[in-house]
Amino acid sequence: MHPFRRDDALRRLADEEFDVLVIGGGITGAGVALDAASRGLRTALVEKGDFASGTSSKSSKMVHGGIRYLQQREFRLVYENLAERQRLLDNAPHLVTPLPFLIPLFGRDGVVSKTVARSYASALWMYDLTGGWRIGERHKEVGKEEALTHLPTLTTDHLVAGFLYFDARADDARLTLTVLRTAAFEYGAAVANYTPVVRLSTGTNGAVNGASVRPDEGDESSDIAIRARVVVNATGVWADEVRALDEGSDPHAIRPAKGVHVTVPADRLPCDIAAVIPVPKDKRSIFVVSWPGTDLVYLGTTDTDYRGPLDDPACTPEDVDYLLEAANNVTTSHLTRADVTGVWAGLRPLLAAPTKGGHVSERTADLSRRHTVNVSADGLVTVTGGKLTTYRKMAQDTVDAVVGRLGESPRRRRCVTKSLPLIGATTKTRDPVALAQPQSRLLGRYGTESRAVLAVAEGRPELLEPVVAGLPYTGAELVYAAREEMACTLDDVLSRRTRATIQRAHDAMAAAAAVAALIAPDMGWDEKEATDQAARFSESCQKELLTAGLDLR
Ligand SMILES: Cc1cc2nc3c(=O)[nH]c(=O)nc-3n(C[C@H](O)[C@H](O)[C@H](O)COP(=O)(O)OP(=O)(O)OC[C@H]3O[C@@H](n4cnc5c(N)ncnc54)[C@H](O)[C@@H]3O)c2cc1C
């Protein structure tokens with residue numbers, strides 16, 4: 001029995017009885033599975049698509065306190081976020097790395113408005129005091145010249161100075177996968193992707209006691225009934241749909257907010273760290289972020305109310321223009337749609353609760369990023385809201401509720417994830433310069449498992465060559481994704497095990513047939529299936545680019 005192979009997991013889902021069944025394989029569900037399994041609970045997790053295929057591969061990829069939440073006077077939230085950021089830096093130093101942020105300051109005649117400078121300075125002091133300093137550096141003011149070394153195309157007419165502060169970053173999809181692999185390899189959780197929950201089951205007392213999943217798309221005869229003492233709904237923006245399976249109607253507890261990012265070549269918008277830039281006529285900022293190991297940067301995010309289908313939120317031409325215009329407003333890069341090499345759109349699972357003074361906020365940007373754990377009358381435990389950064393705390397609160405439902409001793413089932421290293425964690429290298437070196441690239445994605453990735457290329461040196469033009473991913477990484485990371489489709493490999501699709505969509509499409517042929521033996525695909533996978537992948541990429549108003553080239 002392999003700890004992370006779908007067929008083996010499906011057999012276990014059918015045969016075993018679990019203490020906890022987690023629905024949803026984004027970062028929240030992954031965190032809950034790891035927390036539960038590491039407390040010694042028999043744990044299963046099912047995901048309807050690929051792991052992290054919902055919001056958890058589409059974030060801004062920051063592990064941060066969120067300076068802007070200080071403006072919303074959410075001091076406790078920022079404190080908690082920063083504590084979690086620090087734990088992630090300790091428990092997953094291979095995946096989570098410090099990232100300096102530049103806030104450029106603009107003014108007239110070489111002078112910044114005193115009010116603006118003072119408000120940034122006090123926010124940054126507050127950030128440091130709330131826990132920001134624990135990253136090892138405090139914020140500092142920098143001159144115009146230093147600001148320009150980080151973002152050289154900043155317009156110099158009004159640039160006066162800047163602030164630098166420190167947060168962290170992570171590849172969201174790989175973090176999610178690593179949490180799941182840790183739950184499976186280290187603590188025996190049964191974990192399967194492409195197994196949507198289609199029904200919840202209830203016992204004679206009416207309490208939820210399991211769920212049915214459909215592992216073969218559209219084929220009812222493939223349904224598996226999973227038995228579990230407690231079921232956790234960790235389905236992000238889909239949480240209301242799963243609650244409706246239990247409660248019979250949609251509770252409308254989630255207010256999805258769409259956020260879009262675009263990728264552009266670094267030679268068009270050079271940036272060696274992250275920069276916070278204002279959006280003209282909108283009281284918000286966006287980030288320009290370097291992408292280590294590539295010659296790319298990304299820009300994001302938008303933040304708009306969303307009422308469309310949850311499964312495939314689209315990036316529109318207006319979203320793209322919003323981001324490019326914001327960058328063009330403060331730089332001389334003159335970005336156009338033709339510069340965009342990749343896009344992604346995600347939905348924030350925000351809580352649709354009134355915010356200030358009982359008034360419902362109109363702007364999704366003003367909605368709280370807090371989380372809640374709700375236990376229904378039938379015992380379904382639902383966790384909603386939160387952030388990538390706070391997944392561990394969300395999981396702890398959720399599993400505390402599960403332990404309560406199970407009637408187990410909270411002391412015997414204490415949470416251990418505060419200092420639980422994720423698989424691959426050994427290096428304590430935090431130097432962003434060192435981590436950006438090519439030899440550190442694998443370490444920054446797989447940690448100690450890099451050895452296993454390199455072993456794939458033993459006797460096949462051609463697998464050490466990059467496969468997608470302009471990106472560093474080697475054939476060995478793609479084969480490893482197929483063999484060891486439960487990738488089931490070409491899209492899983494190119495969009496989440498590697499990030500080729502959102503980095504260089506056109507090049508990913510050009511490489512699709514070759515990648516499909518390369519991984520076919522490990523995927524069990526014949527020639528026709530490999531060709532179909534490449535065609536399906538390219539079709540969905542093309543649709544995404546055209547919807548965003550971008551050329552196919
Ligand atoms: C644009 C944007 C930028 C963001 N940036 C940041 C950031 O920089 N830092 C940060 O900390 N946070 C950030 N966030 C927030 C963070 O990404 C989310 O809070 C987090 O990813 C949500 O994870 P989740 O597991 O709750 O949801 P998801 O990742 O959506 O996971 C839910 C999963 O449930 C599955 N599912 C649904 N229905 C079923 C079913 N019936 N059966 C089985 N499975 C099902 C879905 O397929 C999905 O994979 C950002 C969010 C967005 C949208």
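Observations
- In region 299-317, the residues that are open to solvent by less than 40 Å² (accessible area, probe 1.4 Å) and within 11 Å of the ligand (Cβ to nearest atom): GLY300, THR301, THR302, ASP303, TYR306, LEU310, PRO313, CYS315
- Of the set (1) on the phi > 0 side of the Ramachandran plot; (2) within 24 Å of the chain's Cα centre (by Cα), all apply to GLY248 but (2).
- Test: residue in region 404-415 that is basic (Lys, Arg), within 16 Å of the ligand (Cβ to nearest atom), closer than 29 Å to ASP240 by Cα and at pLDDT 95 or above: no
- Residue match in region 21-43 (condition: of a type in the set (Asp, Glu) and more than 13 Å from VAL402 (Cβ to Cβ)): no
- Meets criteria (in contact with an Asp or Glu (Cβ under 8 Å, 6 or more places away or on another chain) and either among the β-branched types (Val, Ile, Thr) or in contact (Cβ under 8 Å) with a residue 60 or more places away in the chain (or both)) for ARG229: yes
- Options LYS58, LYS48: the member that is touching a Gly at 6+ places or on another chain (Cβ under 6 Å), farther than 15 Å from THR178 by Cα and at pLDDT 95 or above: LYS58
- Filter pass, ASP378 being charged (D, E, K, R), modelled with pLDDT of 90 or more and either surrounded by fewer than 19 Cβ atoms within 10 Å (Cβ to Cβ) or within 15 Å of the ligand (Cβ to nearest atom) (or both): yes
- Residues located in region 490-533, provided they are in contact (Cβ under 8 Å) with a residue 24 or more places away in the chain and among the acidic types (Asp, Glu): ASP491, ASP492, ASP507, ASP522
- Any hit, region 46-66, residues being away from the ligand (no atom under 11 Å from the Cβ), in contact (Cβ under 8 Å) with a residue 60 or more places away in the chain and open to solvent by 20 Å² or more (accessible area, probe 1.4 Å): no
- Residue within region 218-230 that is within 12 Å of the ligand (Cβ to nearest atom) and either basic (Lys, Arg) or within 27 Å of the chain's Cα centre (by Cα) (or both) present: no
- Test: residue in region 202-214 that is within 14 Å of the ligand (Cβ to nearest atom), free of Cβ contacts under 8 Å to residues at least 40 places away in the same chain, open to solvent by 30 Å² or more (accessible area, probe 1.4 Å) and over 24 Å from ALA345 (Cβ atoms): yes
The values are calculated or read from the model by the stated rules, or taken from the named source; none is laboratory data. None of the values given here were measured: they were computed from a predicted structure. Here the Cβ is made from the backbone with ideal geometry for all residues, glycine too, and neighbour counts use every protein chain on show. Ligands, DNA and RNA are excluded from the accessible area calculation, which covers all protein heavy atoms including side chains. Shrake-Rupley method; radii C 1.70, N 1.55, O 1.52, S 1.80 Å.
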